[in-house]
Structures are given as C-alpha cells and as structure tokens.
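In what follows, a structure is listed as structure tokens, so that the remarks can point back to it.
The values are calculated or read from the model by the stated rules, or taken from the named source; none is laboratory data. Treat the numbers as computed from the prediction; the structure is a model and nothing was measured. Cβ atoms come from the backbone with ideal geometry, glycine included; neighbour counts cover every protein chain shown.
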Amino acid sequence: MQVSKAMGLPPVPPVVKSVRPVDFRCECVCIEVQRILDARKQKECQVFSNAVNFAVLPPTLPLVDMNQNPLLTVNWRVCDDIVCLGAIFKENLKDQIFVIEKPPQDFTVEPLGGTPPAARVTVTVTPGKDPATKNTVLVHLQNNTPLRTPTDGFLEVSTISFVKRPVLFFPDQEMVGQVSVKSESSWEILDCTVDLFLNALRANVSVGAFMIIKTWADVQLVTTAMGECDWDLIPPGPEDQCDLFRTRLFPPFNPPQLDDFLEPPAQGR
C-alpha cells in the first residue's frame, strides 16, 4: 500500500549503497596524527590579595583607568569609604575567560615507572596567553565617601596562577620523555573585597578555574585505505541563523496569564 504524500510523512530514504566500488583495492597506509595519551580534570579556587600603601603627598592610590592610563587627580585617604565594584582579567577585560595553551609556558614530566608507565606532570596554568598580562587581575574600586563626588579607578592584583601535578599514564616507557603537555582552562572571578588598615588598602579577589591537563604526542598510525576519494567537496555555506535559533534552549520567563487581564472585583460589592 502506497502512503499518500498528503499525510505529511517524510519521504522514504533511498537504498544505502556501498561507498566502495568492487574495483577498489584495500591497502595499508601510515598517517601521522596528534594523539591524546591521557588527561586529568582539575578544579581550583583561591583568594589572591595585593596590599598597596597610600601615598603621602597627595594621599592617593596608584589607580589606572580602563586603558591602563594612570589617574593623577584621585585624592583618596585610608579613612574613606572605598568599595570593590568588581574585577576583570587584564588581558581581555572580562570576568570569565577560556584558555587553551599548547604547550603551557612551564611544565615538567617526572617518570614514575609501573605498568603501564606513569609520570607526574607539573604544570603552571595561568589565565591568558600574553606573558606580560596573563597573571594580572584588575579590581574596580569606587570611593563612596559622603559629601564627595563618587570617583572610581582600577588597581592591579597579580600572581594569578595554579600549579597542578596530576599523574598521567603513557603507552610505553619510551614515550614518557617525548610527550607534550596541553592545558585547557576556564577561569572565573567569583568575588572581590577590600580591607583598609593602617596606611594601606588590600584588595582580595576570589578566582576559580576548571582545568583539563592532557599529554599528547605526534604518532604514526597504520590504517586501511580504499583509494582516492572522488566525492565533490562542497564548501560550507553561510550559517542559517534560524537553524541556530531553533537549537537554543527556551529561555526562562513567565508569560502573562489570563487572570492578569481580569479586573479585580471592587471593594464592598
């Protein structure tokens, strides 16, 4: 019985045919690829602090603006009401970033032996790729002292890094000293506070990071080959924004209900 197209059913798929013609000859080829040997997930959170003394003449702090230009007209004292509005990473001026480093700036591999062989990998993971700024967070400070015009500026908090030492396994002992290390990390600034004491201000920034540390190597793999491909390589077209929209999750919101349109009864009736 043939199904009518008016019923809205999808078309019958075509018969699946073999992509390998009978005249293809199977052969073995060697290809070079990057192979992930092992990986470990790491999670870390820490409070980083930086104490800065107030200058005497004039009484101020070494503040900068968003573009790292010094603020010379700030007149802040240790008795002022100074609060932290937030913090950002200096490299991209955001409070959350995702970083992939291959290889990281600093890592060592210590063989431990065993079967399969294991090694302890020591990696310094930092939020960023620019060596000049990747360890730096800026805190956004504001002076809310009464009877004064609120002023704000940024102060640097440095040494933002985590040292992780996971134990990773390797296929054989000879590859322990031939691997590379790759780190992927997602960084987030959780909170910032300030403390005023004596003649100094201390900025505290809570930073959390999700990290994946991998070992990988360039290896040669033997695979079977059927011959040259004769498929047409069609370049990808532009992304359909409507298709992308349909894949998004429905946002949380509360549409108006019928009761919202009904007038409440008058009092006393």
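Key figures
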| quantity | calculated |
| --- | --- |
| Criterion violated by F170 - all others in (1) crowded, with 18+ Cβ neighbours inside 10 Å; (2) at pLDDT below 90; (3) under 18 Å from E44 (Cβ atoms) satisfied | (3) |
| Residue tally, condition out of contact with any Pro (no Cβ under 8 Å at 6 or more places or on another chain) and not in a loop (DSSP other than H, G, I, E, B), over segment 121-136 | 1 |
| Spans of strands (runs of 3 or more DSSP E) in segment 32-120 with at least 2 residues farther than 21 Å from S206 by Cα | 96-101, 107-113 |
| Checking F154 against (1) assigned to a loop (DSSP other than H, G, I, E, B); (2) over 26 Å from Q34 (Cβ atoms); (3) within 24 Å of the chain's Cα centre (by Cα), the condition it does not meet | (1) |
| Odd one out for N204 among (1) assigned to a loop (DSSP other than H, G, I, E, B); (2) surrounded by 15 or more Cβ atoms within 10 Å (Cβ to Cβ); (3) over 16 Å from the mean Cα position of the chain (by Cα); (4) not hydrophobic (A, V, I, L, M, F, W, C) | (1) |
| Top-ranked residue of segment 152-164 - restricted to ones that are surrounded by 18 or more Cβ atoms within 10 Å (Cβ to Cβ) and aliphatic (A, V, I, L, M), ranked as farthest from W76 (Cα to Cα) | I160 |
| Pairs with Cβ under 6 Å, 6+ apart, first in segment 80-93 and under 21 Å from A209 (Cα atoms), second among the acidic types (D, E) | I88/D95; E91/D130 |
| Filtered residue count, segment 207-224, keeping only those that are surrounded by 13 or more Cβ atoms within 10 Å (Cβ to Cβ) and either in a loop (DSSP other than H, G, I, E, B) or out of contact with any Phe, Trp or Tyr (no Cβ under 8 Å at 6 or more places or on another chain) (or both) | 7 |
| Lone unmet requirement of (1) surrounded by 13 or more Cβ atoms within 10 Å (Cβ to Cβ); (2) touching a Lys or Arg at 6+ places or on another chain (Cβ under 8 Å) for E110 | (1) |
| Selection count, segment 19-46, where residues are among the hydrophobic types (A, V, I, L, M, F, W, C), modelled with pLDDT under 85 and within 30 Å of V125 (Cα to Cα) | 3 |
| Sole residue being closer than 30 Å to M211 by Cα and touching a residue at least 40 places away in the same chain (Cβ under 8 Å), chosen from T108, T145, T122 | T122 |
| Filter pass, F107 being at pLDDT 85 or above and not small (G, A, S) | no |
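Residue-wise test of (1) within 29 Å of N50 (Cβ to Cβ); (2) surrounded by 14 or more Cβ atoms within 10 Å (Cβ to Cβ); (3) modelled with pLDDT of 85 or more.
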| position | (1), (2), (3) |
| --- | --- |
| T122 | yes, yes, yes |
| P131 | yes, no, no |
| K134 | yes, yes, no |
| N143 | yes, yes, yes |
| P150 | yes, no, no |
| V176 | no, yes, no |
